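Engineer: This is the structure I have questions about; it appears just below.
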Amino acid sequence: MTYFSHLFLFLCVALVSFSCTPDEKSVEGLWLMSHVNVGDQEMTPVAKWTQINADGTYESGNGWLKSSEGTWRYSTSDQTFRPEETNGLVDPFGPFEVSFPSGEICDEMIWSRDEDGMTVKVTLKRIDELPKAPADEIQGLWDLAEVQENDEVVTKQYDPEDRQYIFIRWDRIYVERTAGGQRQTGYWHMNGHSPEVIFLSHDAETDPQSWRVQTEDAHTLQLTGISDSNRDRIMTFSRINSFPE
């Protein structure tokens, strides 16, 4: 047999070996829900994942937060996947029809079913580790670096003595030192479908404030005001690892 004959045989075997065969094994693993479409609307949650285990259990969550768990069944005869929650609400809509795009090596999966007369389509991509959500990325201690209002940098007027910082804690409490040196605390909550955070002060006299979140890297946090009280304000913070004097 010639070299080219060996190469052709190898490629044929490899293609068969790595082709995607819909079965229980093909749905197992860690998956990111990259797109969720309900009817003609895109309703993709932020960093939503599911871990489908070989022992018939699964767990799901957003970012580093686990929010559900249960058991699952896969039917080879009609290629359907049915998750059954054991720590939450009963799913009334039945199993998902499962498909794998042609030519993929089981690294993309599509679930679809009807819910209240609308077609729901979930596109999942296989991943190796839990995704980070904005709620994970903003946690930490942040020092105010720059303030813009109406496209003008006003940092020196806003925080002339470089006092302001905010500590966004894992337990959903924030601690802030204002430019005037006052200490403020409250709760923070991240929107599950968009990178928006709301700060709810423990002080009843302070109105809630919502911000659009952007983290360019692990060391920079940008908050863009979207409430009436902070609109047209952009605050940029730098991550620090100890509290300022």
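Engineer: In the chain, what is the count of Lys pairs whose alpha carbons are under 13 Å apart, counting only pairs at least 8 residues apart or on separate chains?
Structural biologist: Final tally of qualifying lysine pairs is 4.
Engineer: Between Glu152 and Ser67, how many nm apart are label points set 7 Å from Cα along the C-beta direction?
Structural biologist: 4.2
Engineer: While we're here: Mind sorting out which of (i) 16.1; (ii) 15.4; (iii) 20.6 is the real mean projected area of the Cα convex hull in nm² computed from the coordinates?
Structural biologist: Checked against the structure: label (iii).
Engineer: Additional query: At Asp128 and Arg169, where each label point lies 7 Å from the Cα along Cα→Cβ, what is the point-to-point distance in nanometres?
Structural biologist: So the two model labels end up 3.6 nm from each other.
Engineer: Report the net charge of residues surrounding Val175, where surrounding means a beta-carbon distance below 9 angstrom and charges are Lys +1, Arg +1, Asp -1, Glu -1.
Structural biologist: With Lys, Arg at +1 and Asp, Glu at -1, the net is +2.
Engineer: Here is a further query. So, counting K/R as plus one and D/E as minus one, what does the shell of residues with Cβ under 11 Å around Gln139 add up to?
Structural biologist: Computed value for this residue: +1.
Engineer: Would you mind counting up the charge near Gln222? Only other residues with Cβ under 10 Å from its Cβ, with Lys and Arg at +1 and Asp and Glu at -1.
Structural biologist: Computed value for this residue: -1.
Engineer: Which angle between 0 and 90 degrees, to the nearest 10, do you get for helix 3-18 versus the longest principal axis of the chain when only C-alpha atoms count?
Structural biologist: 70
Engineer: Among 139-145, 23-29, 86-92, what's the highest-first ranking by average C-beta atoms within 10 angstrom per residue?
Structural biologist: In descending order of packing, they fall as 139-145, 23-29, 86-92.
Engineer: When you count, for each residue, the other Cβ atoms within 10 Å and take the mean per peptide, how do 231-240, 117-126 rank with the highest first?
Structural biologist: Peptide ranking by packing, descending: 231-240, 117-126.
Engineer: Compute the length gained on full extension between Asp55 and Asp162: take 0.36 nm times their separation in residues and subtract their Cα-Cα distance, giving the result in nm to one decimal.
Structural biologist: That pair, Asp55 and Asp162, stretches by 33.1 nm at full extension.
Engineer: So what is the relative contact order for the chain, in percent, with contacts set as C-alpha pairs under 8 Å and at least six apart?
Structural biologist: 14
Engineer: From Cα pairs below 8 angstrom and at least 6 apart in sequence, can you work out the relative contact order of the stretch 85-198, rounded to a whole percent?
Structural biologist: The normalised contact order for the stretch 85-198 reaches 13 percent.
Engineer: Rank by packing, highest mean first: peptides 63-70, 154-161, with packing defined as the count of other Cβ atoms within 10 Å averaged across residues.
Structural biologist: Listed from highest to lowest mean packing, they are 63-70, 154-161.
Values quoted throughout were computed directly from the atomic coordinates according to the rules given, and no laboratory measurement underlies them. Just so you know, these numbers come straight off a predicted model, no measurement behind them. Reconstructed Cβ throughout: ideal geometry from the backbone, glycine too, with neighbour counts over all protein chains shown.
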